[in-house]
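What follows is a short report on a single structure.
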Amino acid sequence: MCFFGKVDMDNYIVLDLEWNQSPNGREHSNKDLPFEIIEIGAIKLNSRLETVDEFHRVIKPTVYKKIHFKVHEVVQIGIWELKKKGVPFVDAINDFFEFCEMDNKQKKKILCTWGNLDLVELQRNMKFYNVENKFEYPFFYYDLQKLFNIKFQNAQQERIPLERAVNMLNIEVERPFHHAFDDACYTVKVMQRMDFFSVSEYYSLDYYRVPRNADEEIYLHFSGYSKFVSTLFDTKEEAISDKHNSDLICDRCNRMLKKKIRWFSTNQRNYYCIGICPEHGYVKGKIRVRKSDDKYYVIKTTKVVDAAVFEEVREKYEESRKKRLIKSKRKSLNNLGDI
C-alpha cells in the first residue's frame with residue numbers, strides 16, 4: 001500500500017512538449033508510438049519559484065518523416081528544421097534526466113505541466129526507445145491547468161488553454177505560443193502569479209504506470225476527498241465486483257460505510273454510490289474504470305457531500321433503474337418472439 005502526503009520540494013521542473021503524429025492519418029500510425037516527441041522545453045525553479053536553470057532540445061524524428069499538417073499549423077516547425085537541429089530522442093531524454101538531477105536522491109523535485117498529457121507521451125516515447133523510466137513510482141506531479149481551475153473556480157470545469165490563462169492574469173505576451181520552451185516560460189509565469197502555494201496540496205498522480213499487485217495500490221488523501229487506485233484485473237467485471245474496490249469508506253474518519261444507494265452506472269465507465277457516515281453524513285463514491293494494455297483497474301474517489309448532491313445521485317440512480325427495466329422488458333419481449 002502506498003501513501004503520499006504534502007512535502008516541500010527543493011526544485012520544480014516545469015515541462016512542456018511538442019509532438020508529431022502520422023501525416024497520413026490515424027490508421028497509418030505506429031501503434032506503439034502514435035505521438036512522436038519533436039521538442040522538449042523545461043525550466044527549473046527553486047522552492048521560491050525562482051528560475052535556476054533552463055533546458056531545450058529539438059528532436060530528430062525517426063518514425064514520422066513528415067509533419068502532420070495540423071501540427072505544422074500549430075507549432076510552425078518544418079521537418080527540415082527538425083532534421084538539421086534535432087538530436088536523437090535517447091540523447092535528449094538522458095540530457096533531460098541529468099538536468100532534473102534524477103540520480104540525486106537527496107534533492108527533492110517534482111514535475112509541473114500544463115495539462116495531463118505530456119507525461120504520458122513522454123513515458124510512451126521512453127518505452128518505445130527502451131529508455132529506463134527514472135521517474136519515481138508512484139509518479140506524482142502538478143497539473144497546473146487543473147490547479148488554475150481550482151484557484152479561479154472554473155464552474156464549467158473546462159480545460160483552460162495556457163494562452164487564455166496568460167491573458168486572464170495580464171501576463172505580457174513576449175514570445176509565440178506552441179513552442180515547448182516558450183510555453184514552459186509562460187507556464188512558469190502563470191505558476192508564479194496564480195498564488196500556486198494556496199492550491200499546492202492538490203497534486204496529481206500519473207497513470208501511465210499502475211499498481212501491479214495489492215502492495216502497490218495507492219491511497220491518497222486530499223482536502224475534501226480521498227482517492228484509491230487498484231491493482232490490475234483481467235476483466236472489467238472482476239475489477240468492479242472486487243470487494244476491496246467496491247467498499248465505501250468515509251474520507252474523513254476511515255469508517256466502513258453502509259450503502260444507502262448501491263453502486264450503479266449510467267455509461268459503463270463511471271459508477272456511483274452513496275453511503276451514510278454516522279458522524280459526517282452522506283458520502284459519495286465514484287469509480288472510474290480504466291484500461292492498461294489488456295487489463296483493467298479502478299480509480300475510486302470518496303467525499304462527504306450535502307443533501308443536494310445526494311438528491312442528484314438518487315435521481316441518476318432512478319433514471320438508470322428505469323433504463324434497466326425498459327431494457328429488460330424489451331429483451332423479454334424479443335425472447336417471446338423467438339418462441
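In the range 84-103, of all residues being over 17 Å from GLU36 (Cα atoms) and in contact (Cβ under 8 Å) with a residue 24 or more places away in the chain, the one that is most open to solvent (accessible area, probe 1.4 Å) corresponds to ASP103.
Please tell me if SER204 is of a type in the set (S, T, N, Q) and within 25 Å of ARG124 (Cβ to Cβ). Taking the combined requirement at face value, the residue satisfies it. Across the range 47-63, the number of residues qualifying as outside any strand (DSSP E or B) and crowded, with 20+ Cβ neighbours inside 10 Å comes to 0. Would you say ARG269 is basic (Lys, Arg), open to solvent by less than 70 Å² (accessible area, probe 1.4 Å) and in contact with a Lys or Arg (Cβ under 9 Å, 6 or more places away or on another chain)? Judged against the criteria, ARG269 is not a match. Within the set of pairs 6+ apart or on separate chains, which have a first residue in the range 189-218 that is touching a residue at least 60 places away in the same chain (Cβ under 8 Å), a second that is open to solvent by less than 60 Å² (accessible area, probe 1.4 Å) and among the charged types (D, E, K, R), and C-beta atoms under 6 Å apart? Within 6 Å, the pairs are SER204/ASP143; PRO211/GLU217.
The single condition from (1) in contact with a helix residue (DSSP H, G or I) (Cβ under 8 Å, 6 or more places away or on another chain); (2) assigned to a loop (DSSP other than H, G, I, E, B); (3) of a type outside the set (Val, Ile, Thr) that LYS31 fails is (1).
If the condition is being out of contact with any helix residue (DSSP H, G or I) (no Cβ under 7 Å at 6 or more places or on another chain), aromatic (Phe, Trp, Tyr) and open to solvent by less than 50 Å² (accessible area, probe 1.4 Å), then the range 222-264 contributes PHE222, PHE228. Taking the condition open to solvent by less than 60 Å² (accessible area, probe 1.4 Å), in contact (Cβ under 8 Å) with a residue 60 or more places away in the chain, in contact with a Ser or Thr (Cβ under 7 Å, 6 or more places away or on another chain) and not β-branched (Val, Ile, Thr), does LEU111 pass? It is false that LEU111 is open to solvent by less than 60 Å² (accessible area, probe 1.4 Å), in contact (Cβ under 8 Å) with a residue 60 or more places away in the chain, in contact with a Ser or Thr (Cβ under 7 Å, 6 or more places away or on another chain) and not β-branched (Val, Ile, Thr). When every residue of the range 34-46 is checked against the conditions, at least one turns out to be modelled with pLDDT of 95 or more, in a loop (DSSP other than H, G, I, E, B), open to solvent by 40 Å² or more (accessible area, probe 1.4 Å) and closer than 30 Å to PHE228 by Cα. Quickly run through the range 68-83 and pick out the residues that are in a helix (DSSP H, G or I) and open to solvent by less than 20 Å² (accessible area, probe 1.4 Å). VAL71, VAL75, LEU82, listed by residue number.
The values are calculated or read from the model by the stated rules, or taken from the named source; none is laboratory data. Quick caveat: nothing in here was measured; it's all calculated off a predicted structure. Counting neighbours? That spans all protein chains shown, and the Cβs are built from the backbone with ideal geometry, glycine included. Only protein heavy atoms, including side chains, enter the accessible area calculation; ligands, DNA and RNA are left aside. Shrake-Rupley method; radii C 1.70, N 1.55, O 1.52, S 1.80 Å.
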